[in-house]
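Chemist: Sharing a structure with you now.
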Amino acid sequence: MESNRRKLAVNRASVAHKIRYAARNPRRVAPHARRTARDAWLWLRHPRDHVAYYRAVMASDAARDADLAVGSGSKKRWLALGRMQFDYLRGHGLTPAHRMLDIGCGNLRAGWRFIDYLDPGRYYGIDISPDILISAKETVVAYALQPKLPHLTLTRNLTFDFLPAGHFDIVHAHSVFSHSPPQVIEECLANVGRVLAPGGFFDFTFDRTEGREHHVLREDFYYRTETLVGMAERQGLRAEFMDDWESLPHGQSKLRISAGVGSM
Ligand SMILES: C[S@@+](CC[C@H](N)C(=O)[O-])C[C@H]1O[C@@H](n2cnc3c(N)ncnc32)[C@H](O)[C@@H]1O
């Protein structure tokens with residue numbers, strides 16, 4: 001409990017934290033220095049354009065290992081993280097007839113399970129990274145999911161302007177806002193209400209801090225819950241903190257956004 005509270009208060013961008021972390025994890029210093037140099041170079045090439053920058057980060061990471069690029073250090077972890085997302089939504093009423101939009105679908109760590117479960121054509125995955133979407137298609141092949149006809153689409157923003165209004169029962173973004181600056185989240189929240197079906201909801205995870213909001217290398221962003229709840233409220237959306245997600249071995253927190261009245 002105490003260590004969790006300390007974790008939630010820590011500012012990973014502060015010099016004091018970096019020194020303490022380096023002293024405790026000397027073997028991680030060299031890889032972190034390489035990552036810092038790479039990210040500085042990519043930010044120089046894509047100044048003030050987070051999506052272009054993060055797309056370049058994903059291209060570099062996916063060229064090494066697509067599973068690692070979505071944050072899983074082993075196939076076992078990749079499978080477990082996908083199952084966690086799937087089981088959670090099943091437990092919250094997902095049925096095969098639902099239409100699902102998976103924002104930042106990555107290489108279908110969870111997506112392949114949703115595609116397998118949903119009726120054909122009901123899964124819609126979008127991502128900013130062409131490299132990870134190529135890997136996503138390989139996952140469709142690996143699990144023989146071609147008959148389910150999933151939609152996999154490249155995007156460069158979260159306006160959803162190419163998608164129909166009132167269409168999706170479930171919108172889902174796992175480990176996406178943990179890599180997103182405020183303007184990306186605001187854009188998503190300003191537009192997601194339009195594509196949600198009546199009674200539908202939008203679940204997203206985020207890296208929570210109870211201290212100062214910060215980011216590390218423009219890759220990992222830490223938000224206070226009330227900041228995100230406030231962003232949702234400014235768009236006329238209701239945000240609920242999902243307590244039952246906290247008990248899962250994941251490390252991020254989850255908010256559920258609802259538009260309109262009624263539930264699934
Ligand atoms: C950590 S991975 C998680 C992938 C997937 N949700 C999962 O759980 O396996 C984050 C993914 O979000 C994508 N992404 C990051 N920012 C995005 C944005 N603004 N819009 C859409 N996708 C984004 C990245 O390209 C990457 O594939």
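The values are calculated or read from the model by the stated rules, or taken from the named source; none is laboratory data. In this text, all values refer to a predicted model and were calculated from it rather than measured experimentally. Virtual Cβ from ideal backbone geometry, glycine too; neighbours counted across all protein chains shown. For accessibility, only protein heavy atoms count, side chains too; no ligands or nucleic acids. Shrake-Rupley method; radii C 1.70, N 1.55, O 1.52, S 1.80 Å.
Chemist: Translational D (Stokes-Einstein, µm²/s) of the chain at 10 °C and 1.306 mPa s when Rh comes from the Kirkwood sum over C-alpha pairs?
Modeler: Numbers: Rh = 19.2 Å.
After rounding, the answer is 83 µm²/s.
Chemist: Same structure again: If you roll a 1.4 Å probe over the chain with all protein chains in place, what percent of the accessible area is carbon or sulfur? Mind dumping the intermediate values first?
Modeler: On the way: 7160 of 13090 Å².
On the chain, the fraction of accessible area on carbon and sulfur atoms equals 55 percent.
Chemist: Just grab the label-to-label distance for residue 13 and residue 247, each label 7 Å out from Cα along the Cβ direction, in nm (one decimal).
Modeler: 3.5 nm
Chemist: If R0 is 51 Å, what FRET efficiency do you get for residue 90 and residue 217 from their C-beta distance, rounded to 0.05? Please report the intermediate quantities before stating the final value.
Modeler: Numbers: r = 35 Å, r/R0 = 0.68.
Once rounded, the FRET efficiency stands at 0.90.
Chemist: Here's a follow-up. Angle between the Cα long axis of helix 15-24 and the longest principal axis of the chain, 0 to 90 degrees, nearest 10?
Modeler: Long axis of 15-24 versus the principal axis of the chain: about 90 degrees.
Chemist: Calculate, axis by axis, the spread of Cα positions in region 144-187 along the three principal axes, and write the results as whole Å, longest axis first.
Modeler: Principal extents (Cα only, largest first): 38, 25, 20 Å.
Chemist: Which number comes out as Rg/Rh for region 78-174 once both Rg and the Kirkwood Rh are worked out on C-alpha atoms?
Modeler: Values: Rg = 12.3 Å, Rh = 13.3 Å.
Result for region 78-174 is an Rg/Rh of 0.93.
Chemist: Okay, moving on. Given charges of +1 on the Cβ of Lys and Arg and -1 on the Cβ of Asp and Glu, with all other atoms neutral, how large is the dipole of the chain about its Cα centre, in debye to the nearest 20? Working shown, then result.
Modeler: Details: 37 positive and 29 negative charges, 218 e Å.
Roughly 1040 debye for the chain.
Chemist: Based on Cα positions only, what radius of gyration and what Dmax would you give for region 1-110, in angstroms?
Modeler: Every Cα atom of region 1-110 included, Rg and Dmax give 17.9, 52 Å.
Chemist: May I pose another question? Using the Kirkwood formula over every pair of different C-alpha atoms, what hydrodynamic radius in Å results for region 181-264?
Modeler: On the way: mean 1/r = 0.0740 Å⁻¹.
Radius from the Kirkwood sum: 13.5 Å.
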